[in-house]
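Let me begin by presenting the structure, written as structure tokens, before commenting on it.
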Amino acid sequence: MMPDAALLDLMHHLTWQPPAIVGAPPVAAGSSAFEQSYDAFIDQSERELTGWIERGHALRTLLWRAAHEEQPWFTFRDANMLVDLYEKNIRSELRDVEKINKQIHRARKGMSPADQIAYSKRQRRLTDIGQRFLANGKEFALFLRALRAELDPETRGGPTFDNADDLEAYLLGAVA
């Protein structure tokens with residue numbers, strides 16, 4: 001059985017989303033108090049995302065070691081379930097990021113040129129958070145696939161590739 005702390009950290013990692021994606025405050029321009037609050041919100045999201053990425057790397061090490069123990073607490077069945085769950089979640093999160101980007105573009109249209117400049121900076125930061133989150137989420141999903149293949153040689157079948165770009169496109173196509 002998986003150690004309790006590791007299981008909790010893994011479940012948190014698999015279900016976490018940056019606050020900027022989940023609960024971005026409504027768009028408002030012209031209020032310096034709101035803008036400061038919004039910038040602090042984005043700063044916090046960036047810090048939390050960085051911590052999530054670091055915990056993900058630690059989890060990879062933990063899971064890889066567990067898969068190679070003589071009596072692993074992490075089984076093929078566990079890996080298979082995590083791959084399916086995580087890939088489903090990452091597709092949902094991709095849709096969330098796309099919705100936020102559309103909301104940002106709509107909100108920007110009604111702003112003055114001066115407000116658009118400040119808003120564009122925040123938009124780039126939010127977009128960066130979403131892109132980093134999704135890129136790391138896809139990497140984690142690919143790690144889970146590799147772990148599953150390590151646990152069960154039967155899952156190693158499939159097409160072969162002579163070109164690394166073709167392999168990457170194939171793997172990411174299955175995730176996204």
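The values are calculated or read from the model by the stated rules, or taken from the named source; none is laboratory data. As the structure is a computational prediction, the values presented were derived from the model and not from experiment. In this analysis, Cβ positions are derived from the backbone assuming ideal geometry, glycine residues included, and neighbour counts consider all displayed protein chains. Surface areas here come from the heavy atoms of the whole protein model, side chains and all, with no ligands, DNA or RNA. Shrake-Rupley method; radii C 1.70, N 1.55, O 1.52, S 1.80 Å.
Values as computed for the structure displayed
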{"quantity": "Inter-residue pairs, beta-carbon under 9 Å, first without any contact (Cβ under 8 Å) to a residue 24 or more places away in the chain and surrounded by 14 or more Cβ atoms within 10 Å (Cβ to Cβ) and in the range 91-116, second in a helix (DSSP H, G or I) and of a type in the set (Gly, Ala, Ser), 6+ apart", "calculated": "Arg108/Ser120"}
{"quantity": "Contacts under 7 angstrom Cβ, first residue in the range 129-143 being under 14 Å from Glu98 (Cα atoms), partner of a type in the set (Ser, Thr, Tyr) and part of a helix (DSSP H, G or I), 6 or more apart", "calculated": "Ile129/Ser45"}
{"quantity": "Of all residues in the range 117-126 being over 22 Å from the mean Cα position of the chain (by Cα) and open to solvent by less than 30 Å² (accessible area, probe 1.4 Å), the one that is farthest from Glu139 (Cα to Cα)", "calculated": "Tyr119"}
{"quantity": "Residue pairs meeting the criteria (Cβ under 6 Å; at least 6 apart or on separate chains; first of a type outside the set (S, T, N, Q) and modelled with pLDDT of 90 or more, in the range 47-74; second in a loop (DSSP other than H, G, I, E, B) and surrounded by 13 or more Cβ atoms within 10 Å (Cβ to Cβ))", "calculated": "Leu49/Pro18; Trp52/Trp16"}
{"quantity": "Qualifying positions in the range 1-35 - of a type in the set (D, E, K, R) and at pLDDT 75 or above", "calculated": "Asp9, Glu35"}
